[in-house]
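For reference, the structure discussed in these notes is given below.
The values are calculated or read from the model by the stated rules, or taken from the named source; none is laboratory data. Fair warning: this is a prediction, and the values are worked out from it, not measured in the lab. All Cβ positions, glycine included, derive from the backbone under ideal geometry; neighbour counts span all protein chains shown. For the accessible areas, the whole protein counts, side chains as well, though only heavy atoms, and no ligand, DNA or RNA atoms are used. Shrake-Rupley method; radii C 1.70, N 1.55, O 1.52, S 1.80 Å.
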Amino acid sequence: MGKVISTPLLFQSKLLCFSLFYLFTSLFLALYTSLSQSKCLFRSSPFDPIQAPLFVYPPSYGEHKYAIPTHRSTCTSPVFFSDYWVVLKEIQDFCKNSSLVSPVLKYMQGHADSFGGNFSTQKRISYFDHENTSVEVPCGFLKNFPINKYDRAAMEKCNGVVVLSAIFNDHDKIRQPRGLGSKTQDTACFFIFVDDVTLQGLHHHKLISNKSGEYKIGVWRIVRVLSKYLYENPAMNGVIPKYLVHRLFPNSKFSIWIDAKLQLMVDPLLLIHTLVVSENVDMAISKHPYYVHTMEEAMATARWKKWLDVDALKTQMETYCDNGLQPWSPKKLPYPSDVPDSALILRKHGLGSNLFSCLMFNELEAFNPRDQLAFAHVRDQMKPKLKLNMFEVEVFEQVAVEYRHNLKRSSTSGGEKGSKGTIKNKRTKRASPDWLYVNGSCCSRCQKYLLGMWGES
């Protein structure tokens, strides 16, 4: 007789085998998700890589404190990203061949007491129609922008994609982008503009050396701005790189502005390709999560004391109502909203986005740095029309993580400087009683706008 091979008792029960397989598989998946940085079993976008931190901060710096929670799942994506290598080649080819794509915007030269010239309302509006491309447009730099020659030379060498941000008055932390592809830093450059107050904080945490005039933290090149030669309001100084990026980086083909309160979570080349190149637009920006009408944002700005001079806000809105601002309606399509979340702005540098940025900057200098208030006024009236992708809030939450600003004892919104250069708290300057009435009789210049927004006309 042949030798009989007996099956171990443990494996004679199919039900027992299946149960053990299920148990060990569940334990493995639970362990994987608990240790995974993404906390996802299966990522919907395989081109959203997870990588180690680009820079290790000292614990005292606290760059990841005070993250604002979101209900969005990190395991699903509302936007599709193409293959990284295909995107890299396509953007590199575009950057090499884009010099002949569109006419060049001509900028006003000269000297003025104000960085942007501080033009009157009618003078600013006269530049909105730019179908005659030979006309020079005011676009800042009528005073010197005080940065050193080494930073300026590095900025001029950036001829692909520039990712930029700014921190003034030590208002935020420097946060490293996540998910960068292995070749992204060959095509994209990263710059962050800071003032002396912010620079002192970086020295305090030993992130930069006092001995060097050129600074770098992780991927970010730190550009020192002598803000005492510009605006007293730190937020207005941040508007310069935010809206005049095409002038600071004259050879760049694309740009991504990211507020310092955000941490970028997706490779910038993928973002530019998906939200700008594939959509064939001049600019991409998120819709506001709550507001559609400019006046809603203006009221919230006053209510939440984002700008303390409420009477000045009223003057700004009445100026815009006087000059054609209308509440959003389907007539404005393909623009789906009048209010953006301007913390993240993606641009293809060309006539459309450059003109929009110049006109926006002029409005911000004329009134205040709350750029959501001027957005629809400029966008709706400029010629040629801006090709714009206003993407959904879910996309914004997918590509960036938002943090709270540094905690401060004093406010800078509409504040005034004390004897030692500190910002003193300032009470809200209230507006006159009712926007529907002027001197006790009907009607305010924004009455038609308000009635249209409320659906009463």
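The table below gives the values:
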| read-out | value |
| --- | --- |
| Flag for Ser278 being more than 17 Å from the chain's Cα centre (by Cα), of a type in the set (S, T, N, Q) and either over 23 Å from Phe128 (Cβ atoms) or buried (at least 21 other Cβ atoms within 10 Å of the Cβ) (or both) | yes |
| The one condition in (1) open to solvent by 90 Å² or more (accessible area, probe 1.4 Å); (2) closer than 22 Å to Ile240 by Cβ that Tyr107 fails to fulfil | (1) |
| Matching residues in region 113-135 - criterion: being in contact (Cβ under 8 Å) with a residue 12 or more places away in the chain and more than 27 Å from the chain's Cα centre (by Cα) | Asp113, Glu131, Thr133, Ser134, Val135 |
| Number of the condition not met by Met360 [criteria: (1) open to solvent by 10 Å² or more (accessible area, probe 1.4 Å); (2) out of contact with any Pro (no Cβ under 8 Å at 6 or more places or on another chain)] | (1) |
| Pair list, Cβ under 8 Å, 6 or more apart: region 219-239 residue within 14 Å of Leu199 (Cα to Cα), other residue of a type in the set (Lys, Arg) and modelled with pLDDT of 90 or more | Ile222/Lys216 |
| Close pairs (8 angstrom Cβ cut-off, 6 or more residues apart or separate chains): under 18 Å from Pro340 (Cα atoms) in region 246-258, of a type in the set (Ser, Thr, Tyr) anywhere | Trp257/Ser165; Ile258/Ser165 |
| Test for Val87: is it among the β-branched types (Val, Ile, Thr), in a helix (DSSP H, G or I) and touching a residue at least 24 places away in the same chain (Cβ under 8 Å) | yes |
